[in-house]
Amino acid sequence: MNLTLGLDLGGSSIKAGAVDVTAGRVVGELESVPTPPGATPAATQDALASLVSRFPQCRGTVGLAFPSVVKNGIAYSAANIDKGWIGLDASRLLTSAAGRPGLVVNDADAAGVAEMRIGAGRGTRGVVMMLTFGTGIGSALFVDGRLWPNSELGHLEMDGREAEELASARVRTVEKLDWPAWCERVNRVLAGYHVLFWPDLFIIGGGVSERWEEFGGMLRSPARIVPAVLRQTAGVVGAAFYAAEHVAT
Ligand code: BGC
């Protein structure tokens, strides 16, 4: 079996998994290490190296889902990570950490690609918006299954605040919002996106989607709303898909 290593850098942990990209599933357990405080490039490189060394069974290019605008391996933003990433060749850093070719992609795009291919968006045509609620709000926009990369809709301003400052999962925790209060904010964000993009389907992902049963019924939009199927593995699986399909330079 051909296993590809997928990594996903989140606000609290970096997850890693061996992915069978033909079947589209994680083989064995996910491993994780805490995200280094501030997620500086140097500390992150060490953490990535230690995770990669736990997966000797994986071959070829390593993929990393990363919370930044990423174009040709370069990180262009750093909303929730150390500003030292801006302008840095993140793919090259991953390559050094892994000791073999590394490929970095926006985390929401990675999760979205995985959900479109083998999860909640499978076979869905039209406009699909995958949203990840975590430290920030990530977005991945698809038209007839094709990705518009780096859409960054978590930074769209609503009611004088960026959407992710209003309704990320982190804000729910920090402001101690109960589910109805948080869902009211998420609904405001969904309405803001709907009026501009008219999606046919919203896929709700990120760590909080593990608790869908507690809040999913309170979300409202003229578009269909479904939870992400791959839950916490979406970033890892999507990053592995990218790694398996793109040749790192
Ligand atoms: C970042 C995005 C990322 C999202 C989710 C935002 O703050 O700008 O690049 O996809 O958080 O991690």
Which lysines have a Cα lying under 25 Å from the Cα of LYS71, excluding residues fewer than 8 positions away in the same chain? LYS15, LYS83
What is the order of ASP107, ASP82, fewest Cβ neighbours within 10 Å to most? ASP82, ASP107
Hull surface divided by four, with the convex hull built on the Cα atoms of the chain: how many nm²? 12.2 nm²
Antiparallel as a % of all DSSP beta bridges within the chain, to the nearest 5? 65 percent
Loop trypsin sites (Lys or Arg not before Pro), segment 143-198, which have at most 16 other Cβ atoms in a 10 Å radius of their Cβ (DSSP): LYS176
Within segment 25-82, which trypsin sites (Lys or Arg not before Pro) sit in a loop by DSSP and count at most 14 neighbouring Cβ atoms inside 10 Å? ARG54, ARG59
Tell me, SER91, SER53, SER13 in order of fewest to most beta-carbon neighbours within 10 Å? SER53, SER13, SER91
For the chain: relative contact order, % (alpha-carbon pairs under 8 angstrom, 6 or more apart): 23 percent
Check: C-alpha center segment 136-153 vs C-alpha center segment 53-70, spacing in Å is 21 Å
Go ahead and collect, in residue order, the members of segment 88-108 whose backbone nitrogen is under 19 Å from a label point 7 Å along the Cα-Cβ direction of SER53. 93-102
Between LEU64 and residues 5 or more places away or on another chain, the pairs with built amide H atoms under 5 Å apart involve LEU7, LEU103, VAL104, VAL105
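No lab work stands behind these numbers, since they all come straight from the coordinates. Just so we're clear, the structure is a prediction, and the values are computed from it rather than from any experiment. Here the Cβ is made from the backbone with ideal geometry for all residues, glycine too, and neighbour counts use every protein chain on show.
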